[in-house]
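Reviewing the structure listed below.
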Ligand code: GA4
């Protein structure tokens, strides 16, 4: 395949609605950092999920080369001409996409590959090899993390959550996001931000993100303040998703997050979304409920929740419709 130099995939003039004026966000040094080799990691993870719904994972055992290999392969793809990339546009929602996020009108300064992770579809050979290796490693890591969560919550069934991710019908997906630099923003005041991926929570159980050494990811704290997550290309960042919020009866909160674009630097992030099988009933784990505590949520399957999520707008509070009144 001939690699052409990249013509602009995104047109700045079409993006006026995505330029948000908001206070520059403070870089947040207090993001909980979990060292997986620490024997107390399970307790730190539970605390981080309760306080932030988000944490950074170090000493995770996944070689950095595996990350950079897939990042390089992905960049080779994103450097292709628009018409080449458009050949990978498959029916919604899997395949190559640019500018449009979901199918309900959300837009971002972004192009991406969104793939089913279980199994990965056939793509370019090198990309597929790198993606398979990477996804296998991250899937294993996601199982380790939820097993530590189960231990930290003092659950007898260590595999109560991980068995859902390990299931051959687990509904997991994987995306590589490419946020091209946006030099047009450079001259504008520091109060202007270009939105790469608007604020949202992830619907699944948990998501594991790795990005190149670029900033842009912001998370919303419990008090509503938005903070920037300092970049670390060797670490993973873990998000609690909506399903885990329900499984812990609201003890963990799915974290609201978004990405703003750096005017000068491209950002590449790779995210694994661990979801349960479509038919799985999502209810609070019995071990998590205290005596007499009732579920805050109506009973629903992942299929029902996913279907509703895909009809919603990115920033909607999707769990609202599933809460008991
Ligand atoms: C957010 C998390 C994942 O990226 C994703 C997204 C999906 C999409 O991009 O098609 C959604 C979004 C995400 C939540 C609400 C719906 C669906 C876009 C959108 C407006 C792949 C997912 O599973 O949910």
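Values quoted throughout were computed directly from the atomic coordinates according to the rules given, and no laboratory measurement underlies them. It should be emphasised that the depicted structure is a prediction, and the values quoted were computed from it without experimental measurement.
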(message) What do you get for the angle between helix 41-51 and the principal long axis of the chain? Use alpha-carbon atoms, 0 to 90 degrees, nearest ten.
(response) 80
(request) Could you bin all the Cα-Cα distances of region 29-311 into 5 Å bins starting at 0 and give me the percent of pairs in each, rounded to whole numbers? (result) 1, 5, 12, 17, 19, 18, 13, 8, 4, 2, 0, 0
(message) Let me see the P(r) profile for region 116-251: every Cα-Cα distance counted, bins of 10 Å, each bin given as a percent of all pairs.
(response) 9, 34, 34, 17, 5, 0
(request) Grab the DSSP H runs of the chain that are 4 residues or longer, score each as -39,500 (n - 2.57), total them, divide by all residues and round the 222 nm result to the nearest 500 deg cm²/dmol. (result) -7500 deg cm²/dmol
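So what is the relative contact order for the chain, in percent, with contacts set as C-alpha pairs under 8 Å and at least six apart?
Working: 659 pairs, mean separation 70.8, N = 325.
Across the chain, relative contact order equals 22 percent.
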(request) Can you check how the C-alpha radius of gyration of region 266-319 compares to 2.2 N^0.38 Å, as a plain ratio? (result) 1.48
(request) Please identify, among 233, 130, 225, the residue showing maximal mean-square fluctuation in a Gaussian network model of the chain using a 10 angstrom Cα cutoff. (result) 225
(request) Report, to the nearest 10°, how far helix 125-152 tilts away from the longest principal axis of the Cα atoms in the chain, using its own Cα long axis and a range of 0 to 90°. (result) 30
(request) Per residue, how big is the convex hull around the C-alpha atoms of region 24-116? Give it to me in cubic angstrom, could you? (result) 176
(message) Just to confirm the number: angle between the C-alpha axis of helix 64-78 and the first principal axis of the chain, 0 to 90 degrees, nearest 10?
(response) 50
(message) Step by step: find N for region 189-277, compute 2.2 N^0.38 Å, then divide the Cα radius of gyration by it. What's the final number?
(response) 1.13
(request) Rounded to the nearest Å, what's the spacing between the alpha carbon centres of region 290-318 and region 124-161? Just the number, please. (result) 23
